[in-house]
Amino acid sequence: MNTNELYTLWKTKATDDKDLIDELVSIDGQEEEIYDRFYRALEFGTAGLRGVIGAGTNRMNIYSVRLATQGLANYLNNKYSESAVAISFDSRIKADLFAKEAARVLAGNGIKVYISKELQPTPVLSFLVRELKCKSGIMITASHNPAKYNGYKCYGSDGCQMTDDGANAVYAEIQKLDCFEDIKLADFDKALADGTIEYVADSVYETYLDNVQAQQIHGDICADSGLKVVYTPLNGAGNKLVRAILNRIGVEDVQVVKEQEMPDGNFTTCPYPNPEFKEALKLGLELCDEVKPDLLLATDPDSDRVGIAAKDGDSYRLLTGNETGIMLTDYILSQRKALGTLPQNPIVVKTIVTSIMINKLCEKYGAELRNVLTGFKYIGEQILGLEQNSEENRYVFGFEESYGYLAGSYVRDKDAVVASMLICEMAAYYKKQGKTLSQVIDEMYEEYGYYINNTLNFAFEGAQGMKKMSEIMTSLRENTPSDIAGFKIIKVDDYLESVSEDKLTGEKAEIKLPKSNVIAFSLEGENAVIVRPSGTEPKIKLYVTAVGQSAENARELSDKLASAGEKLMGV
């Protein structure tokens, strides 16, 4: 069908959600609006689904959720004689509705469902899959995207986000289906009564917190530290569990940003609820100026990422995801080594776009460093591989530059609850030494070198935007520059072609990672620019690494590389 035929079909059949009926009526005769909603279907991949909420095949709605879930149900029923699925959701618009619709489809296909009564962090869903011995899991979230988005993340039985093989198999099932004709739906209340759908017991969340607390290193250090914290859940899912774990470890002086305390999918106080952005932390920083804490914590809407600001003289300094990850890695390795709890041959895992400063830390403490593709599922895969060899205790810490961290193997996704706990423990440890986290990271720069990492985002909305992104990546491959900002390119790693080329010698080597549409340019002096289209948003990300002789020199180099990166994007 063409887009207008699909539009006509949806006007006739998409009648189960009044919001969709009203939207379809409102765009009658608007060709561009119709085209954007129907020119493609949201594609199910390793990140599941993510898109703007609304009517159409290119939107998140009850029909796209039902279709994806029917595909998942067919996949599970073909693979297993019996299976169960855990479902949870965050504060996104229609997230609770989408979770119930997914549960109805699974129950209609004879699959047992464990569903959260209320919103929960994404890492809790990973925990539920493992704890309740499910074959799969569904998390309704769009993470830190703007309010108009929602998403559907699918997990495997190991608690990791579904990997390529599983996602491709589910997508193959989805492509066989019609979203109006081929969906098996149970009545939610009847399935709840007969036990096919079951709400997760509160005790399971306490077990999750027990596992988080077990990741502490100095279990009693916070209680008498006098640590003072301002916390904002950014109107998301972190409020209850982050505060619960901080209370458990003795951080009692926690003030919450009231305007951002309760769930609100409209995110009226922070249109981009992403702790990577200073704008999202504005109210938290204002409260810091008033109450003078040691630390500001901000978790994103699904509470798998956490951003922080540390006291820095009379003001507060926003720390990057790389800086927080570097400090946590150093704290965990150094303190576990001092206590004799560091395993033999410890392993740290980071993504390919995360700071290479971590290399020097791992060398110092004798830890093996593993680099994986962007996406925390690849860190989870490393833990799974260790678990299969009965070596999961070797995994010490994993992180990505986009504010995602995990200590321990109780979940297989980034976890802002455990990260918030360890950040507070680390801050308490250094506070007892008279140091702030701002001072700690500066001391590390003095010791290891000034590594400045900067991430640039270039948005490409709509159908034309997707085409433009493709053209940029093709051009970079076919017309590779010889230098960036005057720095000679010494190596090009093309993760889609799985080829690493030394530009000085012409030698090529195979990249032994899954294929991914990423190009990394290694420059003179350890500088680098990595180009990566987002897998979940219509944008290209540029990751800039600048290594300087001083903080000022590194910032100058970073600005220079960023300016050159904009030219690569045609800006």
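What to note about this one:
- Heavy-atom accessible surface of the range 3-101: percent carbon and sulfur, 1.4 Å: 46
- Checking every one of the trypsin sites (Lys or Arg not before Pro) in the range 166-242 against DSSP loop status and a limit of 14 other Cβ atoms within 10 Å picks out 176.
- Fully extending the segment from residue 432 to residue 477, taken as 0.36 nm per residue of separation minus the present Cα-Cα distance, adds 11.0 nm.
- For the range 249-321, the normalised intensity computed at q = 0.25 Å⁻¹ comes to -1.30 (log10 of I(q)/I(0), Debye sum over alpha carbons, equal scatterers, no solvent).
- Alpha carbon centroid spacing (whole Å) that separates the range 13-49 from the range 192-265: 37
- Length released on extending from residue 291 to residue 9, taking residue separation times 0.36 nm less the Cα-Cα span: 95.8 nm
- Distance from the range 278-298 to the range 378-440 (C-alpha centre basis), Å: 23
- Measuring only protein heavy atoms, the 1.4 Å probe finds residue 179 accessible over about 20 Å².
- Helical contribution to [θ] at 222 nm, DSSP H n ≥ 4, -39,500 (n - 2.57), averaged over the chain, rounded to 500: -12000 deg cm²/dmol
- When each of 431/539; 240/432; 311/360; 13/190; 240/515; 282/337 is checked by Cα-Cα distance, pairs over 30 Å: 431/539; 240/515; 282/337
- Zone residues, the range 325-354, relative to residue 391, backbone N less than 13 Å from point 7 Å out along Cα-to-Cβ: 344-348
- Two-decimal log10 I(q)/I(0) for the chain, as the Debye equation yields it once each C-alpha is a single scatterer, q = 0.07, 0.09 Å⁻¹: -0.41, -0.69
- DSSP-defined antiparallel bridges as percent of all bridges, the chain, nearest 5: 65
- Residue 100 - accessible surface, heavy atoms, 1.4 Å probe, Å² rounded to 10: 90
- Inter-site label distance for residue 207 and residue 369 at 7 Å from Cα along Cβ, in nm: 3.8
- Counting only protein chain heavy atoms and rolling a 1.4 Å probe, the accessible areas of 242, 52 rank, largest first, as 52, 242.
- Taking every protein chain into account, the accessible area of the range 464-567 amounts to 51 square angstrom per residue (probe 1.4 Å).
- Each distinct pair of alpha carbons in the range 422-571 adds a 1/r term; the inverse of their mean, the Kirkwood radius, is 17.2 Å.
- Approximating the spin labels as points 7 Å out from Cα along Cα→Cβ, the residue 185-to-residue 79 distance works out to 2.6 nm.
- Residues of the range 88-199: accessible area per residue with a 1.4 Å probe, Å²: 35
- Kirkwood Rh, angstrom, the range 219-367 [1 / mean 1/r, Cα pairs]: 16.7
- Extension gain, residue 118-residue 446: 0.36 nm per intervening residue step, less the Cα-Cα distance, totals 113.5 nm.
- Amide N of the range 264-287 lying under 20 Å from the label point, which is placed 7 angstrom from the Cα of residue 461 along Cα→Cβ: 266-274, 277, 279-280
- Å² per residue, accessible surface of the range 389-441 at 1.4 Å: 24
- Only protein atoms count toward the accessible area here, which uses a 1.4 Å probe; on the range 251-331, the carbon and sulfur part of that area reaches 48 percent.
- What separates the Cα centres of the range 130-170 and the range 450-508 is a distance of 29 Å.
The values are calculated or read from the model by the stated rules, or taken from the named source; none is laboratory data. Since we're looking at a predicted model, the values are computed, not measured. Note that we place each Cβ from the backbone using ideal geometry, even for glycine, and neighbour counts take in every protein chain shown. What goes into the accessible areas is simple: the full protein's heavy atoms, side chains included, and nothing from ligands, DNA or RNA. Shrake-Rupley method; radii C 1.70, N 1.55, O 1.52, S 1.80 Å.
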